[in-house]
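The structure appears below as structure tokens.
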Amino acid sequence: MLELIAKAFNTNKLTKEEIIYLLQNLKDEDRQTLFGYALETKKKHYGDEVYLRGLIEFSNHCRQDCLYCGIRASNPMLSRYRLTPEEIQVCCQEGYNLGYRTFVLQSGEDLWYTKDIIVKIIRRIKDKFPGVAITLSIGERKRDEYEAYFRAGADRFLMRHETASERLYAKLHPTMKLENRLACLQALKEIGYQVGAGFMVGLPGQSHIDLAEDLCYLQELEPDMVGIGPFIPHSETPLKGEKGGTVEDTLVMVALTRLLLPESLLPAATAMGTLHPQGRELALQAGANVVMPLLTPSSVRKLYELYQNKICLNDESGKCRYCIERRINSVGMAADLSRGDSSRFIRTHELKQKR
Ligand code: SAH
């Protein structure tokens, strides 16, 4: 086992069989070794810095019906909200004043925001706050829309693949196809976005083989970011009675991702903070290097409930900003408010400019 972990650390590559063997046979004491190597790898590429991104959850309307998600289309118990482009701009102003230089605009799949509206939102933010990076996380759209957003100034796109297992994906997404999701990620990459994929840990029926498939897919795609979080059941969904993922299993997947994609940006998921008071700090010590404190107005935060017991629902954005910084400092790391591009992206960009 130690040999296998050392191989992942030294070569940043494992085969599917090796990953499965590792997941099936990892003992408690091996975990600490794995986390240690992952932290060392993170430090090699990103030092002690942890990037902060301001997250704006701007709409909880969704046309999709993912079985695990609290804002799925067929949850009738939820009041739905939309922030206007002006309200989004106000969130950004607040974030800019707090020092954020990346804004993540996330929502359900809400077609009220047409291509033109999204383009306008992006242009206004880029005009008013020069030098900031915009990350979109709005789900599946047509390629020409992704192209228009990129031309308007969007820099990054975050869309977890959720699970790379055909069988599991089909079971959990009655209105979607894995093939389309992966095609969207591929298109986003070709267009020139810094792309974020990612998956949930502890989905009902998810095996070690399924998780190995997630890592193999990531090794192939080579995304700039990877969002990994535990699945947490929501009471108004068909999966309400399921067990959900654990902090320990999620940490193992974060650490392995750090070893296999050493230059990637890995958020310490908010869902980790729900399962454990120090969940995000533990993720930082297992190789994560990004946190996304909320900039969503507190009046609507509780309505963007993807899973039960989401944290920070009653806090002001300023409080989140400093709470997170204290947590980062508590594990001997430093909050970095710069744009925080992935080092893979910076390297390939510089190469292009030289040519
Ligand atoms: N509509 C956008 C944003 C989705 S919400 C998109 O399709 O990309 C952001 C993420 O929350 C999802 O990608 C999913 O991985 C996660 N999520 C949803 N429900 C969850 C749950 N019950 N537990 C944990 N994470 C969940």
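The values are calculated or read from the model by the stated rules, or taken from the named source; none is laboratory data. What you see is a predicted model; the values in this text were computed from it and never measured. All Cβ positions, even for glycine, are placed from backbone atoms using ideal geometry, and neighbour counts span all protein chains on display. Protein only, heavy atoms only, side chains kept; ligands, DNA and RNA dropped before computing areas. Shrake-Rupley method; radii C 1.70, N 1.55, O 1.52, S 1.80 Å.
Calculate the dipole size of the stretch 146-254 relative to its Cα centre from +1 charges on Lys and Arg beta carbons and -1 charges on Asp and Glu beta carbons; express the result in debye to the nearest 20.
Values: 10 positive and 16 negative charges, 66 e Å.
Using Cβ point charges on Lys, Arg, Asp and Glu, the stretch 146-254 gives about 320 debye.
On full extension of the chain, what length is gained from LYS240 through GLU166, given 0.36 nm per residue of separation minus the C-alpha to C-alpha distance?
Working: separation 74, 0.36 × 74 = 26.64 nm, distance 2.24 nm.
Result for the pair: 24.4 nm of gain on full extension.
Can you order the peptides 310-320, 224-234, 75-85 by their average number of other Cβ atoms within 10 Å per residue, highest first?
224-234, 310-320, 75-85
Based on the alpha-carbon gyration tensor of the chain and its eigenvalue square roots a ≥ b ≥ c, which shape applies: rounded if a/c is under 1.5, prolate if not and a/b is larger than b/c, or oblate? The partial results should precede the final answer.
On the way: a/c = 1.37, a/b = 1.22, b/c = 1.13.
Because its axes are fairly even, with a/c under 1.5, the chain counts as rounded.
Of ILE118, ILE228, GLY273, which is farthest towards the positive pole of the chain's charge dipole, taken about the Cα centre with +1 and -1 on the beta-carbons of Lys, Arg and Asp, Glu respectively?
ILE118
For the stretch 181-299, just say rounded, prolate or oblate: build the C-alpha gyration tensor, square-root its eigenvalues into a ≥ b ≥ c, call rounded for a/c under 1.5, and beyond that prolate if a/b exceeds b/c, oblate if not. Don't skip to the answer; put the middle values down first.
Values: a/c = 1.38, a/b = 1.27, b/c = 1.08.
Rounded shape, in that the Cα axes give a/c under 1.5.
Name the residues of the stretch 194-228 whose amide N is less than 11 Å from a point 7 angstrom out from the Cα of LYS177 along the C-beta direction?
What the label zone holds, given the 11 Å backbone N cut-off, is no residue at all.
Give me the lysines in straight-line cross-link reach of LYS115: C-alpha distance below 16 Å, same-chain residues under 8 apart excluded.
Cα-Cα hits under 16 Å: LYS142.
Treating only the Cβ atoms of Lys and Arg (+1) and Asp and Glu (-1) as charged, compute the dipole magnitude of the stretch 71-138 about its Cα centre; round to the nearest 20 debye. All intermediate terms of the calculation are to be shown ahead of the outcome.
Numbers: 10 positive and 7 negative charges, 27 e Å.
Around 120 debye, computed over the stretch 71-138.
Ignoring ligands, DNA and RNA, what accessible area per residue does the stretch 2-354 give at 1.4 Å, in Å²? Could the numbers behind the result be given before it?
Working: 14550 Å² over 353 residues.
That works out to 41 Å² for each residue.
Work out, step by step, the length gained on full extension between SER74 and THR11: first 0.36 nm times the residue separation, then minus their alpha carbon distance; give nm to one decimal.
On the way: separation 63, 0.36 × 63 = 22.68 nm, distance 4.56 nm.
Fully extending the segment from SER74 to THR11 adds 18.1 nm.
Considering only protein heavy atoms and a 1.4 Å probe, what is the carbon-and-sulfur percentage of the accessible area of the chain?
The C+S portion of the solvent-accessible surface of the chain is 51 percent.
Relative contact order for the stretch 2-354 using alpha-carbon pairs under 8 Å, separation at least 6, rounded to a whole percent?
In percent, rounded to a whole number, it is 25.
Whole number please: convex hull volume per residue, Cα atoms of the stretch 228-355, in Å³. Provide the component values of the computation, followed by the final result.
On the way: hull volume 18.1 nm³, N = 128.
In the stretch 228-355, the Cα hull volume divided by residue count equals 141 Å³.
In terms of Cα to Cα distance under 26 Å, which lysines are near enough to LYS240, apart from those fewer than 8 places away along the same chain?
LYS171, LYS177, LYS302, LYS310
Among the lysines, select those whose C-alpha is under 21 Å from the C-alpha of LYS7, and discard any that sit fewer than 8 residues away in the same chain.
Reachable lysines: LYS16, LYS27, LYS42, LYS43, LYS44.
Roughly speaking, what is the stretch gain from LEU2 to ARG123, that is 0.36 nm per residue apart minus the C-alpha to C-alpha distance, in nm to one decimal? Could you put the intermediate results ahead of the total?
Working: separation 121, 0.36 × 121 = 43.56 nm, distance 5.03 nm.
The span from LEU2 to ARG123 would gain 38.5 nm if fully extended.
Computed FRET efficiency, Cβ-Cβ of THR84 and ASN309, R0 30 Å: what is it to the nearest 0.05? Each step should come with its number before you reach the end.
Working: r = 29 Å, r/R0 = 0.96.
It comes to 0.55.
Placing unit charges on C-beta atoms (Lys and Arg positive, Asp and Glu negative, everything else neutral), compute the dipole magnitude of the chain about its Cα centre in debye, rounded to 20.
On the way: 48 positive and 46 negative charges, 176 e Å.
I would put it at about 840 debye.
Kirkwood hydrodynamic radius, the stretch 121-177, all distinct C-alpha pairs: what's the number in Å?
Values: mean 1/r = 0.0755 Å⁻¹.
Result for the stretch 121-177 stands at 13.3 Å.
If I histogram all Cα-Cα distances within the stretch 36-143 using bins 5 Å wide from 0, what percent of pairs lands in each bin?
2, 11, 19, 18, 14, 13, 11, 8, 4, 0
Compute the FRET efficiency between ASP48 and GLN278 as 1/(1 + (r/R0)^6), taking r as their Cβ-Cβ distance and R0 = 25 Å, and round to the nearest 0.05.
Details: r = 18 Å, r/R0 = 0.72.
Plugging the Cβ-Cβ distance into 1/(1 + (r/R0)^6) gives 0.90.
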